[in-house]
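Some notes on the structure that comes next.
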Amino acid sequence: MVTRTRKAGAKPPGTAGPRVAVLMGSKSDLEVMRPAAQMLAKLGIPYEVRVISAHRTPDRLREYVGEIERRGVDVIIAGAGGAAHLAGVVAALTLVPVLGVPIDSSALHGLDALLATVQMPGGIPVGTLAIGKAGATNAALLAAAFLARHDPDLRERLGQHRKEQANAVPEGPLEL
Ligand code: RP5
């Protein structure tokens with residue numbers, strides 16, 4: 001029997017599409033989620049961005065997530081504010097790993113979204129990042145770290161990003 005193994009980081013045949021899906025519950029979440037897309041772009045990871053609401057567009061959500069594994073998406077990033085059930089509902093509908101970003105769009109400044117996203121009952125995991133733009137950036141970096149385990153070129157780019165970040169921290173005393 002011949003067993004064919006895929007080259008590290010290669011997509012399954014016929015799936016040249018996005019490796020990461022960035023979802024958000026409302027167009028009003030875009031400015032908070034933009035850093036996720038920017039970081040994925042910087043690291044050369046193909047991604048797509050969609051506005052899909054668990055409560056306003058439940059049919060669209062089910063249809064989109066139902067196709068996501070077949071399309072070759074490896075990680076989903078889902079950002080939402082308020083009661084923030086988006087990441088949990090997405091995670092319930094797929095085996096693709098889901099990273100949740102709580103968005104500070106409500107009167108409670110994201111604390112409600114943080115608790116709704118992080119406090120998933122045991123059984124359906126959502127890897128939850130920090131509230132707001134830092135969480136969006138880190139969701140992209142964490143997705144990149146997962147993908148880089150089987151993609152040496154991406155691992156190189158991720159390492160380079162870390163070096164740039166370190167070099168941007170002033171080493172000597174600051175003149176004030
Ligand atoms: C959530 O409700 C969204 O994720 C957003 O953060 C929040 C407010 O949405 P809009 O009323 O601005 O559309 O569904």
For this session: Looking only at the range 78-106, count how many residues are away from the ligand (no atom under 13 Å from the Cβ) and among the hydrophobic types (A, V, I, L, M, F, W, C).
Result: 7
Problem set entry | Failed item, numbered, when A139 is tested on (1) without any contact (Cβ under 8 Å) to a residue 12 or more places away in the chain; (2) under 27 Å from D29 (Cα atoms) | (1)
For this session: Could you look through the range 30-47, keep only residues that are out of contact with any helix residue (DSSP H, G or I) (no Cβ under 6 Å at 6 or more places or on another chain) and over 24 Å from R155 (Cβ atoms), and pick out the one that is surrounded by the fewest Cβ atoms within 10 Å (Cβ to Cβ)?
Result: E31
Exercise. What pairs come up if the first residue lies in the range 108-132 and is in contact (Cβ under 8 Å) with a residue 40 or more places away in the chain, the second is assigned to a loop (DSSP other than H, G, I, E, B) and among the polar types (S, T, N, Q), and their beta carbons are under 9 Å apart, counting only those six or more places apart or on different chains?
Worked result: T128/Q119
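Yes or no, residue by residue, for (1) surrounded by 18 or more Cβ atoms within 10 Å (Cβ to Cβ); (2) at pLDDT 95 or above; (3) under 22 Å from A37 (Cα atoms); (4) within 16 Å of the ligand (Cβ to nearest atom):
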position: L115; (1), (2), (3), (4): no, yes, no, yes
position: G122; (1), (2), (3), (4): no, yes, no, no
position: A136; (1), (2), (3), (4): yes, yes, yes, yes
position: A140; (1), (2), (3), (4): yes, yes, yes, no
position: A144; (1), (2), (3), (4): yes, yes, yes, no
position: R157; (1), (2), (3), (4): no, yes, yes, no
For this session: Please specify each residue of the range 58-91 satisfying the condition of being surrounded by fewer than 21 Cβ atoms within 10 Å (Cβ to Cβ) and at positive phi.
Result: G72, G82
Exercise. Quick one: what pairs do we get from the range 81-105, first residue in contact (Cβ under 8 Å) with a residue 60 or more places away in the chain, second of a type in the set (D, E) and within 16 Å of the ligand (Cβ to nearest atom), C-beta under 8 Å, 6+ apart or different chains?
Worked result: I103/D29; S105/D29
Problem set entry | Any pair with Cβ under 8 angstrom, 6 or more apart, that starts in the range 56-71 at a residue that is within 9 Å of T94 (Cα to Cα) and ends at one that is part of a helix (DSSP H, G or I) | V65/V90; V65/L93; G66/L93
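Considering only the range 17-45, state which residues are in a loop (DSSP other than H, G, I, E, B) and either more than 12 Å from A144 (Cβ to Cβ) or within 11 Å of the ligand (Cβ to nearest atom) (or both).
Initial filter on the range 17-45 (in a loop (DSSP other than H, G, I, E, B)): 17-19, 25-26, 43-45.
Within the range 17-45, G17, P18, G25, S26 qualify.
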Exercise. Given (1) part of a helix (DSSP H, G or I); (2) within 16 Å of the ligand (Cβ to nearest atom); (3) surrounded by fewer than 22 Cβ atoms within 10 Å (Cβ to Cβ), where does R50 come up short, assuming only one miss?
Worked result: (1)
Problem set entry | Cross-chain or 6+ apart pairs with Cβ under 7 Å, the range 25-37 first and within 16 Å of A139 (Cα to Cα), then assigned to a helix (DSSP H, G or I) and of a type in the set (G, A, S) | V32/A136; M33/A136; P35/A136; A36/A136; A36/A139; A36/A140
Seminar exercise, completed: By residue number, the members of the range 55-91 that are closer than 19 Å to I131 by Cα and assigned to a loop (DSSP other than H, G, I, E, B) are G82, A83, A84, H85
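The values are calculated or read from the model by the stated rules, or taken from the named source; none is laboratory data. All values reported here derive from a predicted model rather than from experimental measurement. With ideal geometry, Cβ positions are generated from the backbone for all residues, glycine too; neighbour counts draw on all protein chains shown.
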